[in-house]
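The values are calculated or read from the model by the stated rules, or taken from the named source; none is laboratory data. Note that the structure is a prediction, hence the values are computed from the model and not measured. Methodologically, a virtual Cβ is constructed for each residue, glycine included, from the backbone with ideal geometry; neighbour enumeration extends over all protein chains shown. Note: accessible area is taken over every heavy atom of the protein model, side chains too, but ligands, DNA and RNA are not part of it. Shrake-Rupley method; radii C 1.70, N 1.55, O 1.52, S 1.80 Å.
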Amino acid sequence: MPEERNKNLKYERISYESIGRILQTFIKRFEEFLILKGFPPEIESHISHFTLIDIIVRVDKRKAYYQCFHSMKINECKEAALYAYWILKLKPFTITDKSYLTNADACTINESFVIHFIGLILETTGRIKRPTVIKDSYRNFLEYSFRFRNFSIDSFIVLIESISTETLENDYPNLFDQT
């Protein structure tokens, strides 16, 4: 009879309190994002809580995977990349306001939110300096890529981890406007 290897490896589910805290953070960040994006405060939108909870659990499982099989905790950039990847895949955010049905920004709300979210994380971790603002042409490139191109989860993590002020200034010197 074959040996039952690794039979005791079992994922310990993230607590409901942690899920609730992360869920509320995403809801708050999305509401802030809508205002920053120029949408009116009364715009009708929908956030699929079920989908966001699924995303939170998927990210937590991936964190457990890294801990179990690689004996490492993932950093903030990897974690943000995981959230961004699943937001792009599962699209939990929707603008439902009828007056925005043909608005391009409303159609790409998940992609735009991911760019905003990743920018926040890269800024708070010091990878991108505050005075540097990515030009609209690069944002449009990312938005298009996030919407129509395929990324594996690992390639997406590498992409996000590789973004920094220095790499973008060296590799793409015309992508930045100084404010």
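Separation of the alpha carbons by more than 29 angstrom is noted, of 37/73; 28/98; 10/78; 63/91, for 37/73. Counting 0.36 nm for each residue step from residue 89 to residue 161 and taking away their Cα separation leaves a gain of 24.0 nm. On full extension, the segment bounded by residue 12 and residue 125 gains 37.9 nm, given 0.36 nm per residue less the C-alpha separation. Extension gain, residue 65-residue 149: 0.36 nm per intervening residue step, less the Cα-Cα distance, totals 27.6 nm. When Rg and the Kirkwood radius Rh are both evaluated on Cα atoms of the stretch 44-112, their ratio Rg/Rh stands at 1.12. For residue 35 and residue 75, a Förster radius of 30 Å and the Cβ-Cβ distance give a FRET efficiency of 0.55, rounded to the nearest 0.05. Surface composition of the stretch 1-126: carbon and sulfur make up 52 percent of the accessible area, probe 1.4 Å.
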